[in-house]
Amino acid sequence: MALAKVLKETKDVSEVKLTIIDLREAALKDALRFAKEEIHSAEVHKLDAIKAHTVGRFDIVLMYGAILVHFDSWNLMRLFSSATQALEEKGVIIVEEMDRTHILFTRGYSSILVENSDPRNLSISVHTDYNLITGSYTRSFIRLRTWDAVSLPLNFRSILTITSTLWLFVKILI
């Protein structure tokens, strides 16, 4: 929404229309609420990002929220392909991400990590599995107060791996 707000304030952009894609219903509801608060035109699609190209063509494709961790190497190619197919001819892809490989080597990963240090919501995560075929590490996230747990497959890449792979699909401007 911040990018839409900045674009709307420029003299070169007369209108900003947001198209939001997510598999999570709650995230889509929040996005519509934020768009309404910021007075942006928005439509939402409950859809896997790999199918973004089926929604339309766009000037900007924004991958926000460090989402790439949720895509194994096979599906990352599908995601980038879909994103570039959804671009207008002179469109731009913006990826918000972090260097997870660097984090692995400097902070560790196999140990227990504190995910939320708030005593009311204290939660940890621990490594529980590795899938050799997809390269996915499974982490179990545990809320200590209730012992609620969820396990997620996560995929770690360096910024270089992400940009060099995306380069196969589009011209990179760094």
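Bear in mind these aren't lab numbers, they're just calculated from the coordinates by the rules spelled out. Predicted model, so just to flag it, every value in this text is computed and none were measured. Cβ: placed from backbone, ideal geometry, glycine included. Neighbour counts: every protein chain shown.
Structure summary
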{"read-out": "Relative packing of 31-39, 126-134, which averages over residues the other C-beta atoms within 10 Å, highest first", "value": "31-39, 126-134"}
{"read-out": "Relative contact order [Cα under 8 Å, 6+ residues apart], the chain, whole percent", "value": "16"}
{"read-out": "Dimensionless Rg ratio for segment 110-154, taking C-alpha atoms and the 2.2 N^0.38 Å reference", "value": "1.23"}
{"read-out": "Under 24 Å from the Cα of LYS46 - lysines, other chains or at least 8 residues apart", "value": "LYS5, LYS17, LYS29, LYS36"}
{"read-out": "Contour minus Cα-Cα distance for LEU122 and GLU43 (0.36 nm per residue)", "value": "24.9 nm"}
{"read-out": "Where labels lie 7 Å past Cα in the beta-carbon direction, separation of GLU96 and VAL6 in nm", "value": "1.1"}
{"read-out": "Length gained when the stretch THR163-ALA26 is fully extended (0.36 nm per residue, less Cα-Cα span)", "value": "46.3 nm"}
{"read-out": "Radius of gyration and Dmax over the Cα atoms of the chain, both given in Å", "value": "18.1, 52"}
{"read-out": "Net charge of neighbours whose Cβ lies under 12 Å from the Cβ of VAL150, counting Lys and Arg as +1 and Asp and Glu as -1", "value": "0"}
